[in-house]
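**Q** Structure incoming, see below.
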Amino acid sequence: MDLRIRRMADFKALIDSSIDQDVIKHVRHRNALLPIGKLPTELLQTILSIILFCPGGRRKSQFVSKLTTMRAVSWAWQDLIGRIPSFWAHISSEDHMDFVSEAFKRSGQVPIHLYHIGRYNDGQESPFLDKLLPHVHRWQSVAVHLPHVDVAAKYLSASAPKIKSILLSRLITDSHRQGRISSLFGGRLADLEELRVCCWGEIDWRGLSCTQLRILDIERGTSLDIGAVLGILAANPCLEILRLHRLKFSPKTPQPDSTPALMSLDHLRQLTLTNLTWATEDESAARNPATDHLLQRINFRTGAALTIKTMLLRTDSSLTPEEFLSLIPSPVEYLAFLLQVDDYQRADVSVGFPGLSMIIRGSPRSKPIFSVKVCGLPKQVAREWVVESLRQSLTTAMDLRLQFDSCSLGFSLDDFSYFRLWDSVIDLTLIGNGPRAPIPGQKLLRLLSTPCISEGGIMVMPFPNLQDLRIDGTKGMKGKWVLEMVQTRFAPPGSTEAAVHSSVPVPLTIHFGNGVGGWMDKYKDKILAVPGVEGIGAAAVHETPRVTRRTSSSSSEAEWPPPY
């Protein structure tokens, strides 16, 4: 009986297979007659490439599944895909080993791109790497993510003469092993163009020898030799992207001279220096920043997207806060450069206090071209730097957004009332500190509704072009005072001589956060009824505001580490 059942099962499987084959033949014959099958080979190959690969050249998610599906469309497509080596030159450790073997066979001798995606429970051996090593002479780009330390050592010791791109992310190790970057692929890195390293432990960079780098990206490293990093920059004048983030430089290594020679990086398009410090024996102790040592050495063109973030703790530095700020490129140059771009008629500038935060964009939704944040600056120094920088650009068409955050340092009316005559201010954010807010609400609202004389002799309201006012965490913000403020601010001019020489402010939307109290529903309609009030809402400053407007009841940015 069992024998008969097995024979019947085998017979059924044979029939099903025969039917499937007939169906496949029929579908492929039908697909061959479709208009897309008549496209020129070059055009069809381009379409398939867009489906399989990202603009940067890396393969998209579900790559193997897409490739398999396209091969099943028709015999012609299967033949075409099988004859294009570049479609088989992107191989991942997550691919089935049968596919990996097939890919090595069909890719011929073209350069290959490898993706090793490890897991925390991986052992010391890698069958995937064992298949890669016979083809090491074809390696062009290698991305290694979450490898076991022993597997990583095998990658680093391989000799890959054609390597152009190296991405190393998150080494798994139970011990503090230190690898020499000079040993990467036998040290033969003459053609290396891209090097990205993230969370790879302690690396000795002193032996790295390359002169063709376009991208250098180092994140979350410890005990780096700042002299070695500067040596890499000096040897690669064609660098286009330099990103150093959350790095600790070893104080035991020789530091740059006090009068360093500048390195010209004229091709630089993006410079990011964020959270760079000197390592200390006590991890809980505050660390001095190392950003200034790099800024003193690097010379780059205006227009390179600049991002700087640091804590100014200068207990043992010869640089004063003013001298440190002098190392930062002038925002004036960036504003002038930005307005040369045809797409932008105005610049969007955001300034925040305390400390110093300045962001310059072409528009509110575009990526910043200039982003500087320096915590710990004295208030007076920060304000003077901002005022001096922007005063030189008052003829520039720009939208200025100001934010004052009291934090633990507090701010006073004078801190932001200095800007009250600036026509460019369209957004003002004031964040208090709850019960300890340094500015009583009534004084703040009174300042916003007290006329002042402009340089042209015209009576104007403070911040005459203000479109959005955001107040959060300020005590004593009573509804009747808000109503009085908007009534006074938008009162129609009288027939007096002074009224003739006055200017009416633009319509205003008000956003209130903590500290508003329970008056919102009681006074909202009265406030909205004042001509000039565009809308009013209650939301924390950092949330999406829920705004009530007159006409409706409500209203409604090369990725690394790569997403393997």
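The values are calculated or read from the model by the stated rules, or taken from the named source; none is laboratory data. As the structure is a prediction and not an experimental result, all values here were calculated from the model. Here the Cβ positions follow ideal geometry from the backbone for every residue, glycine too, while neighbour counts run over all protein chains shown. Calculation scope for accessible area: heavy atoms of the full protein, side chains included, ligands and nucleic acids excluded. Shrake-Rupley method; radii C 1.70, N 1.55, O 1.52, S 1.80 Å.
**Q** So, THR274, is that one touching a Pro at 6+ places or on another chain (Cβ under 6 Å), at pLDDT 85 or above and open to solvent by less than 50 Å² (accessible area, probe 1.4 Å) or not? Explain how you work it out, then say what you get.
**A** Working: touching a Pro at 6+ places or on another chain (Cβ under 6 Å): no; at pLDDT 85 or above: yes; open to solvent by less than 50 Å² (accessible area, probe 1.4 Å): yes.
The answer is no for THR274.
**Q** If the Cβ limit is 6 Å and pairs must be 6+ apart or interchain, which residue in segment 494-511 that is among the hydrophobic types (A, V, I, L, M, F, W, C) and at pLDDT below 50 pairs with which residue that is open to solvent by 60 Å² or more (accessible area, probe 1.4 Å) and assigned to a loop (DSSP other than H, G, I, E, B)?
**A** Within 6 Å, the pairs are ALA499/PRO493.
**Q** Across segment 84-122, which residue is surrounded by the fewest Cβ atoms within 10 Å (Cβ to Cβ) among those that are in a helix (DSSP H, G or I) and of a type in the set (Ser, Thr, Tyr)? Let's see the steps before the verdict.
**A** So the first thing to find is which residues in segment 84-122 are in a helix (DSSP H, G or I), and the list is 85-88, 97-106.
After this cut, where a residue has to be of a type in the set (Ser, Thr, Tyr) as well, the list is 86, 101.
Details: SER86: 17, SER101: 13.
The extreme case among them is SER101.
**Q** Report, by residue number, each residue of segment 367-397 that is of a type in the set (Gly, Ala, Ser) and open to solvent by less than 20 Å² (accessible area, probe 1.4 Å).
**A** Filtering segment 367-397 down to residues of a type in the set (Gly, Ala, Ser) leaves 371, 376, 382, 389, 393, 397.
Answer for segment 367-397, where residues must be of a type in the set (Gly, Ala, Ser) and open to solvent by less than 20 Å² (accessible area, probe 1.4 Å): ALA382, SER389, SER393.
**Q** Filter segment 339-348 down to residues that are touching a Ser or Thr at 6+ places or on another chain (Cβ under 9 Å) and modelled with pLDDT under 85 and give me whichever is surrounded by the fewest Cβ atoms within 10 Å (Cβ to Cβ). Before you say what the answer is, go through the steps one by one.
**A** We begin by selecting, within segment 339-348, every residue touching a Ser or Thr at 6+ places or on another chain (Cβ under 9 Å); these are 339, 343-344, 346-348.
Pick out the ones that are also modelled with pLDDT under 85 and you get 339, 343-344, 346-347.
On the way: LEU339: 17, ASP343: 8, TYR344: 16, ARG346: 14, ALA347: 26.
Selected residue: ASP343.
**Q** Can you tell me which residue among PRO331, PRO354, PRO321 is open to solvent by 20 Å² or more (accessible area, probe 1.4 Å), at pLDDT 85 or above and not acidic (Asp, Glu)? Working first, answer last.
**A** Values: PRO331 fails: open to solvent by 20 Å² or more (accessible area, probe 1.4 Å); PRO354 fails: at pLDDT 85 or above.
None of the others qualify; the one that does is PRO321.
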